[in-house]
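See structure below.
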Amino acid sequence: ADKIQMKTPLVEMDGDEMTRILWKMIKDILILPYVDLKTEYYDLGMKHRDDTDDQVTIDSALATKKYGVAVKCATITANAARVKEYNLKKMWASPNGTIRAILDGTVFRKPIMVKGIRPLIPTWEKPITIARHAYGDIYKNTEIRVEGPAKAELVVTGADGKETRRTIMDFQDAGIVQGVYNTDKSISNFARSCFNYALEQKEDLWFATKDTVSKIYDHRFKDIFQAIYDADYKEKFEAAGIEYFYTLIDDVVARVVRSKGGMIWACKNYDGDVMSDMMATAFGSLAMMTSVLVSPDGCYEYEAAHGTVQRHYYRYLKGEKTSTNPVATLFAWTGALRKRGQLDGLTDLADFADRLEKATIQTLEEGIMTGDLVAVSTLPDKKKVNSEEFLEAIRERLEER
Ligand code: NAD
């Protein structure tokens with residue numbers, strides 16, 4: 001009767017396989033009984049993407065631009081095997097890639113920490129969030145194999161025909177050469193997404209490049225971050241009691257390892273590629289890693305960092321009740337509901353999201369968990385339950401709150 005009310009709908013992006021099953025369970029057991037849920041629903045399941053020639057993915061991203069907050073289920077990225085399995089018209093692009101291109105955002109990956117699942121670095125008490133600039137650099141490089149003596153030059157021709165030319169190398173013998181680029185616009189958007197997210201999380205932002213060696217390329221990243229910070233974020237950071245900190249990439253690696261955690265680490269594309277896998281491993285579980293795409297104009301799309309858990313889905317199809325971990329997907333929902341609550345001034349909606357997260361952590365810390373965590377948890381007493389039992393155990397604790 002007196003469910004929590006919403007104002008603006010969430011953009012709901014449904015997905016595939018086991019996570020699609022978990023999606024419905026989470027809504028039925030933990031959200032619909034308490035919230036008068038308003039969503040604009042987009043079915044990003046493989047079949048429906050194919051039926052709509054992937055238009056549904058584009059529409060869901062445009063809706064996110066319109067409303068500001070989305071929650072996304074894991075989706076299949078089509079490959080040759082999936083084209084066969086789903087009899088697809090073509091090998092559709094990755095939905096995450098499509099959505100990211102439209103929102104022009106940055107992905108922040110943050111681990112959920114609970115007692116019993118210890119990071120491999122014992123000093124880490126708080127989560128470390130990685131923000132990866134997913135544009136340009138070596139991922140869009142141009143490379144040439146040099147077969148023998150040769151002169152390699154870097155030439156930039158302006159729209160007016162004016163040439164700027166530098167010798168890269170006078171090769172005496174065979175070798176390799178590579179050209180990479182980035183744009184002020186993309187770097188600026190990356191910087192804004194990072195500053196916005198740091199303010200939202202009330203966490204320090206660390207950024208590092210190798211500007212001492214790369215005096216123009218990496219230095220540009222440093223300068224753009226600093227200029228945007230000084231112009232638009234310095235006062236807000238000071239008011240929030242958080243810090244923007246720039247240093248060299250080798251220095252930041254040492255500092256992160258020695259730290260207590262609790263900061264956001266913004267990385268250039270390649271650094272982020274390498275470091276996000278290290279962080280996922282170091283924090284102990286892919287199933288406990290959340291992910292949010294933040295656009296420079298302040299749109300948020302929440303999801304789990306993991307995939308569709310295909311192997312469990314095939315067991316589910318055979319009638320088995322699987323012990324798949326729903327925590328990261330549940331935290332995508334709570335993240336989105338909290339954000340919606342904050343934007344719309346609905347305190348009870350944001351409070352509900354907090355309570356639901358606390359009930360989830362309590363459940364895990366009381367030793368009730370899915371199989372993947374039983375294998376890594378150091379708690380003395382632990383009980384393996386299936387996904388549904390786990391969500392019901394959370395519900396009991398939520399009711400107590
Ligand atoms: P996956 O994340 O589904 O699984 C990787 C491994 O981690 C598996 O061993 C799996 O059992 C385990 N695992 C992951 N999440 C788990 C959970 N919640 N509970 C228990 N165990 C969990 O990745 P994959 O197997 O490489 O890919 C499966 C499908 O997911 C592919 O079609 C891929 O395209 C898609 N995918 C989607 C996203 C996304 O939408 N963001 C991300 C990655 C992969």
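The values are calculated or read from the model by the stated rules, or taken from the named source; none is laboratory data. The structure displayed is predicted, hence computed values, not measured ones. Cβ: placed from backbone, ideal geometry, glycine included. Neighbour counts: every protein chain shown.
Of all residues in segment 205-239, those being in a helix (DSSP H, G or I), surrounded by fewer than 16 Cβ atoms within 10 Å (Cβ to Cβ) and either in contact with a Pro (Cβ under 8 Å, 6 or more places away or on another chain) or hydrophobic (A, V, I, L, M, F, W, C) (or both) number 3. So which residues in segment 279-293 are surrounded by fewer than 24 Cβ atoms within 10 Å (Cβ to Cβ) and touching a Ser or Thr at 6+ places or on another chain (Cβ under 8 Å)? Residue satisfying the conditions is Ala287 alone. For the residues Val83, Val71, Val114, Val107, the requirement of being of a type in the set (A, V, I, L, M), free of Cβ contacts under 8 Å to residues at least 60 places away in the same chain and surrounded by 10 or more Cβ atoms within 10 Å (Cβ to Cβ) singles out Val83.
A residue that is of a type in the set (Ser, Thr, Tyr), out of contact with any strand residue (DSSP E or B) (no Cβ under 9 Å at 6 or more places or on another chain) and surrounded by fewer than 21 Cβ atoms within 10 Å (Cβ to Cβ) occurs nowhere in segment 359-373. Candidates Lys27, Lys84, Lys115, Lys47: the one that is touching an Asp or Glu at 6+ places or on another chain (Cβ under 8 Å) and of a type outside the set (Asp, Glu) is Lys115. Each residue in segment 268-285 was checked for being within 13 Å of the chain's Cα centre (by Cα), at pLDDT 90 or above and not aliphatic (A, V, I, L, M), and 1 of them qualify. The criterion of at least 2 residues that are in contact with a Phe, Trp or Tyr (Cβ under 9 Å, 6 or more places away or on another chain) is met, among helices (runs of 4 or more DSSP H) falling completely within segment 251-366, by 269-282, 327-344, 347-365.
When restricted to residues that are under 21 Å from Phe190 (Cβ atoms), touching a residue at least 24 places away in the same chain (Cβ under 8 Å) and surrounded by fewer than 18 Cβ atoms within 10 Å (Cβ to Cβ), segment 256-278 contains 2. Annotation: Ala336 fulfils all but one of (1) within 16 Å of the ligand (Cβ to nearest atom); (2) more than 22 Å from Lys66 (Cβ to Cβ); the unmet one is (2). Counting only residues that are touching a helix residue (DSSP H, G or I) at 6+ places or on another chain (Cβ under 6 Å) and under 19 Å from His306 (Cα atoms), segment 112-127 holds 3 of them. Does segment 47-62 contain at least one residue that is of a type in the set (Gly, Ala, Ser) and surrounded by fewer than 20 Cβ atoms within 10 Å (Cβ to Cβ)? Scanning segment 47-62 turns up no residue that is of a type in the set (Gly, Ala, Ser) and surrounded by fewer than 20 Cβ atoms within 10 Å (Cβ to Cβ).
When you look at Val177, is it exposed (fewer than 11 other Cβ atoms within 10 Å of the Cβ), away from the ligand (no atom under 16 Å from the Cβ) and either modelled with pLDDT of 95 or more or over 24 Å from the mean Cα position of the chain (by Cα) (or both), yes or no?
no
Screening Leu293 on (1) closer than 24 Å to Tyr244 by Cβ; (2) within 11 Å of the ligand (Cβ to nearest atom); (3) modelled with pLDDT of 95 or more shows it passes everything except condition (3). With respect to Ser60, determine if the residue is without any contact (Cβ under 8 Å) to a residue 60 or more places away in the chain, touching a Phe, Trp or Tyr at 6+ places or on another chain (Cβ under 9 Å) and not acidic (Asp, Glu). For Ser60, the condition - without any contact (Cβ under 8 Å) to a residue 60 or more places away in the chain, touching a Phe, Trp or Tyr at 6+ places or on another chain (Cβ under 9 Å) and not acidic (Asp, Glu) - is met. With the checklist (1) in a strand (DSSP E or B); (2) in contact with a Lys or Arg (Cβ under 9 Å, 6 or more places away or on another chain); (3) hydrophobic (A, V, I, L, M, F, W, C) in hand, flag the one item Ile187 doesn't pass. Evaluating Ile187 over (1) in a strand (DSSP E or B); (2) in contact with a Lys or Arg (Cβ under 9 Å, 6 or more places away or on another chain); (3) hydrophobic (A, V, I, L, M, F, W, C) leaves (1) as the failure.
Specify the residue that is surrounded by the fewest Cβ atoms within 10 Å (Cβ to Cβ); the eligible residues are those in segment 374-390 that are of a type outside the set (Asp, Glu) and part of a helix (DSSP H, G or I). Result: Val374.
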